[in-house]
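Engineer: Let me begin by handing over the structure; questions about it come next.
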Amino acid sequence: MEKSNEPEEFVIGRHPVESALKAGQEVNKLFIQVGIKEEDPTVTEIIKLAKKQKLVISKVPKQKLDQLANNQNHQGVVLGVAAFKYASIDDLFANSEKMGVAPFFAILDNIEDPHNLGSIIRTADAAGVTGVIIPKHRAVGLTATVAKTSAGAIERVPVARVTNLVATIKELKNRGVWIFGTDMKGTDYRRWDANGPVAVVIGNEGKGIAPLVKKHVDEMLTIPMVGDIQSLNASVAASVLIYQGYNSRNPLAGK
């Protein structure tokens with residue numbers, strides 16, 4: 001496992017904090033807002049988990065939490081954690097085996113918005129994606145904002161951070177994974193059969209998939225659009241494609 005560059009991060013919000021505590025992430029300190037209603041079942045569970053792990057619990061004013069959370073909605077709870085850990089490509093294959101399914105990876109080509117990354121990880125968790133791959137450079141990494149947006153999914157979906165996406169795609173192909181990309185021209189995504197080892201590449205918010213990465217994709221998929229705006233938000237496009245992967249792997253009974 002590789003740690004992110006930041007020495008400490010903060011998980012903010014009740015459900016993300018509860019997920020982090022249950023996942024056994026390395027935790028430094030729990031901050032609870034003074035006057036918060038501890039009878040709330042989620043807050044009660046958070047405090048119970050923190051005490052079980054013998055964590056320092058600090059009751060602080062809302063202004064302190066606002067500062068730690070960079071003025072995001074913390075719901076009165078902030079958890080100081082060690083830097084988020086990244087998985088290796090081997091870890092992603094091991095997770096697929098643990099889940100008892102063929103590898104189903106999402107490769108994110110220079111996603112820059114942490115909210116998009118968090119949303120994609122959340123969808124990946126919901127739809128059975130067995131690992132996410134992001135590049136080290138010119139892309140957002142695992143941050144508190146990503147963790148918050150993922151609603152705790154960051155603790156369940158392994159994320160590998162690689163130096164070179166093209167080299168990683170070549171490695172995946174050598175290990176039997178079929179690579180699918182997204183483009184304006186390609187096969188209608190509704191025809192995509194994601195059975196077997198597959199990975200889908202989601203491009204940058206503005207530029208799409210880099211030309212060099214595109215050269216190594218086995219097949220391009222396109223999402224038909226009939227409106228005037230011929231593009232989708234990166235996290236929305238990822239969700240559409242990931243769920244097509246889910247649908248093809250989990251057909252309705254009788255189909």
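The values are calculated or read from the model by the stated rules, or taken from the named source; none is laboratory data. Bear in mind that the values here come from a model prediction, so they are computed numbers and not experimental data. Glycine also receives a Cβ, built like all others from the backbone with ideal geometry; neighbour counts cover every protein chain displayed.
Engineer: Only one residue in Ala147, Ala199, Ala124 is closer than 20 Å to Leu79 by Cβ and either aromatic (Phe, Trp, Tyr) or buried (at least 23 other Cβ atoms within 10 Å of the Cβ) (or both). Which one?
Structural biologist: Of Ala147, Ala199, Ala124, the one residue that is closer than 20 Å to Leu79 by Cβ and either aromatic (Phe, Trp, Tyr) or buried (at least 23 other Cβ atoms within 10 Å of the Cβ) (or both) is Ala147.
Engineer: Restricting to the stretch 203-239, name every residue that is surrounded by fewer than 16 Cβ atoms within 10 Å (Cβ to Cβ), of a type in the set (A, V, I, L, M, F, W, C) and under 18 Å from Ile179 (Cβ atoms).
Structural biologist: Just the residues of the stretch 203-239 that are surrounded by fewer than 16 Cβ atoms within 10 Å (Cβ to Cβ), to begin with: 206-207, 211-212, 215, 218-219, 222, 224-233, 236.
After this cut, where a residue has to be of a type in the set (A, V, I, L, M, F, W, C) as well, the list is 212, 225-226, 229, 232, 236.
Within the stretch 203-239, Leu212 is the sole residue that qualifies.
Engineer: Quick check on Leu65: is it within 30 Å of Ile32 (Cβ to Cβ) and either without any contact (Cβ under 8 Å) to a residue 40 or more places away in the chain or not small (Gly, Ala, Ser) (or both)?
Structural biologist: The answer is yes for Leu65.
Engineer: Within the stretch 173-184, can one find any residue that is within 19 Å of Asn116 (Cβ to Cβ) and out of contact with any strand residue (DSSP E or B) (no Cβ under 8 Å at 6 or more places or on another chain)?
Structural biologist: The answer is no, given that none of the residues of the stretch 173-184 is within 19 Å of Asn116 (Cβ to Cβ) and out of contact with any strand residue (DSSP E or B) (no Cβ under 8 Å at 6 or more places or on another chain).
Matching residues to (1) among the aliphatic types (A, V, I, L, M); (2) closer than 23 Å to Arg138 by Cα; (3) touching a Pro at 6+ places or on another chain (Cβ under 8 Å); (4) in contact (Cβ under 8 Å) with a residue 12 or more places away in the chain:
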residue	(1), (2), (3), (4)
Glu9	no, yes, no, yes
Arg14	no, no, no, yes
Ser19	no, no, no, yes
Pro41	no, no, no, no
Ala69	yes, no, no, yes
Gln72	no, no, no, yes
Ile89	yes, yes, no, yes
Val101	yes, no, no, yes
Ile107	yes, yes, no, yes
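Engineer: Can you tell me which residues in the stretch 110-143 are at pLDDT 95 or above and part of a loop (DSSP other than H, G, I, E, B)?
Structural biologist: Gly128, Val129, Thr130
Engineer: Can you tell me how many residues within the stretch 159-211 are among the acidic types (Asp, Glu), under 20 Å from Ser235 (Cα atoms) and out of contact with any Ser or Thr (no Cβ under 7 Å at 6 or more places or on another chain)?
Structural biologist: Going through the stretch 159-211 one residue at a time, the tally reaches 1.
Engineer: Continuing with the same structure: Helices (runs of 4 or more DSSP H) wholly in the stretch 144-239 with at least 1 residues that are at pLDDT below 90 and either closer than 30 Å to Phe10 by Cα or among the hydrophobic types (A, V, I, L, M, F, W, C) (or both) - which ones?
Structural biologist: Helices (runs of 4 or more DSSP H) meeting the threshold: 144-149.
Engineer: Determine whether the stretch 18-38 contains at least one residue that is part of a helix (DSSP H, G or I), over 13 Å from Gly80 (Cβ atoms), of a type in the set (Gly, Ala, Ser) and modelled with pLDDT of 85 or more.
Structural biologist: Yes, there is a match, as at least one residue in the stretch 18-38 is part of a helix (DSSP H, G or I), over 13 Å from Gly80 (Cβ atoms), of a type in the set (Gly, Ala, Ser) and modelled with pLDDT of 85 or more.
Engineer: In the set Leu65, Leu92, Leu55, Leu108, which member is buried (at least 20 other Cβ atoms within 10 Å of the Cβ) and under 17 Å from Glu9 (Cα atoms)? Show your work before the answer.
Structural biologist: Working: Leu92 fails: under 17 Å from Glu9 (Cα atoms); Leu55 fails: buried (at least 20 other Cβ atoms within 10 Å of the Cβ); Leu108 fails: under 17 Å from Glu9 (Cα atoms).
Step by step, each of Leu65, Leu92, Leu55, Leu108 is checked, and only Leu65 is buried (at least 20 other Cβ atoms within 10 Å of the Cβ) and under 17 Å from Glu9 (Cα atoms).
Engineer: Among the residues in the stretch 45-68, are any at positive phi, of a type in the set (D, E, K, R) and in a loop (DSSP other than H, G, I, E, B)?
Structural biologist: Narrowing the stretch 45-68 to residues at positive phi: 54.
Filter again for of a type in the set (D, E, K, R), leaving 54.
Still in the list and also in a loop (DSSP other than H, G, I, E, B): 54.
Looking through the stretch 45-68, at least one residue is at positive phi, of a type in the set (D, E, K, R) and in a loop (DSSP other than H, G, I, E, B).
Engineer: Taking the stretch 240-255 as the search range and keeping residues that are of a type in the set (Gly, Ala, Ser) and either touching a residue at least 60 places away in the same chain (Cβ under 8 Å) or surrounded by 15 or more Cβ atoms within 10 Å (Cβ to Cβ) (or both), which one is nearest to Ile107 (Cα to Cα)?
Structural biologist: Among residues in the stretch 240-255 that are of a type in the set (Gly, Ala, Ser) and either touching a residue at least 60 places away in the same chain (Cβ under 8 Å) or surrounded by 15 or more Cβ atoms within 10 Å (Cβ to Cβ) (or both), the one nearest to Ile107 (Cα to Cα) is Gly245.
Engineer: Inspect all residues belonging to the stretch 75-91 and state whether any of them is modelled with pLDDT of 90 or more, assigned to a loop (DSSP other than H, G, I, E, B) and under 30 Å from Gly176 (Cα atoms).
Structural biologist: Yes, that holds for at least one residue.
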